[in-house]
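Quick note: the coordinates plus some simple rules give every number you see, no bench work behind them. Every value quoted in this text rests on a predicted model; they were computed, and no experiment measured them. Every residue, glycine as well, gets a Cβ built from its backbone with ideal geometry; the counts of neighbours run over all protein chains shown.
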Amino acid sequence: MDIKNNWDIHVIPGAEITHVPVEIIDKLANRARKLGAEIIVVHGETLVEPVVSGTNLSAVSCPEVDILAHPGLITIEEAELAKENDIALEISSRKGHCLSNGHVAKVALEVGADLVLDTDTHAPEDLITCETAYKIALGAGLPRKHIKKALRDNPQKILKKNGLI
Ligand SMILES: [Zn+2]
């Protein structure tokens, strides 16, 4: 992309699969990848903008998915599958989606699943600083040693997995 020649940012195309039948999440993730999405996210079963029940399970069963976003009251079994399939679970800075951050962090730590902290940015004012991200991670109950993983190591792992760094 030409943007990086003008602005000091690196744009990565991605897709967030939202409000789809659970039976076709795998198919849609593969299709998005073929169409050029470098990062595949599935909109999880957040408390405030719920998708059909079973979305979390279907998403963490699909190795093509990179991140299960705002997974709400994710179960231990779903988090174990996420770990097995190398899918990160999201701590969200977005109002509403963040209501279950503490639960998501607790379940992920319990099974050893990767966490990432995302903004779910819809508008420029949704973007946050590293300092705010750190505070949100603390607020989710993440121990300090896990915050660095969620803010830096795990995102880099996703970029490496997809050949982006
Ligand atoms: Zn979403």
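So which lysines can K149 reach, going by Cα to Cα under 25 Å and dropping same-chain residues fewer than 8 places off?
The qualifying lysines are K83, K95, K106, K135, K157, K160, K161.
Using alpha carbon coordinates only, what is the Rg to Rh ratio of the range 95-165, with Rh defined as the Kirkwood radius? Each step should come with its number before you reach the end.
Working: Rg = 12.5 Å, Rh = 12.9 Å.
With Rh from the inverse mean 1/r over Cα pairs, Rg/Rh is 0.97.
Of L89, L68, L99, L115, how do they rank once you tally other Cβ atoms within 10 Å and put the fewest first? Write down the numbers at each step before the final one.
Details: L89 28, L68 32, L99 16, L115 25.
Ordered from fewest to most neighbouring Cβ atoms within 10 Å, L89, L68, L99, L115 come out as L99, L115, L89, L68.
The range 123-165 to the range 65-89: how many Å between their Cα centroids?
What the calculation gives is 16 Å, centre to centre.
Find the Cα radius of gyration of the range 10-52, compare it with 2.2 N^0.38 Å by division, and give the number to two decimals. Display every interim value, and only then the final one.
Values: Rg = 11.2 Å, N = 43, 2.2 N^0.38 = 9.2 Å.
Relative to the 2.2 N^0.38 Å estimate, the range 10-52 comes out at 1.22.
In cubic angstrom, how much convex hull volume per residue do the alpha carbon atoms of the chain span? Walk me through the numbers before you get to the answer.
Details: hull volume 18.6 nm³, N = 165.
About 113 Å³ per residue, rounded to a whole number.
Quick one: give the max-minus-min coordinate of the C-alpha atoms of the range 43-116 along each principal axis, largest first, in Å.
Its Cα atoms span 29, 24, 17 Å along the three principal axes.
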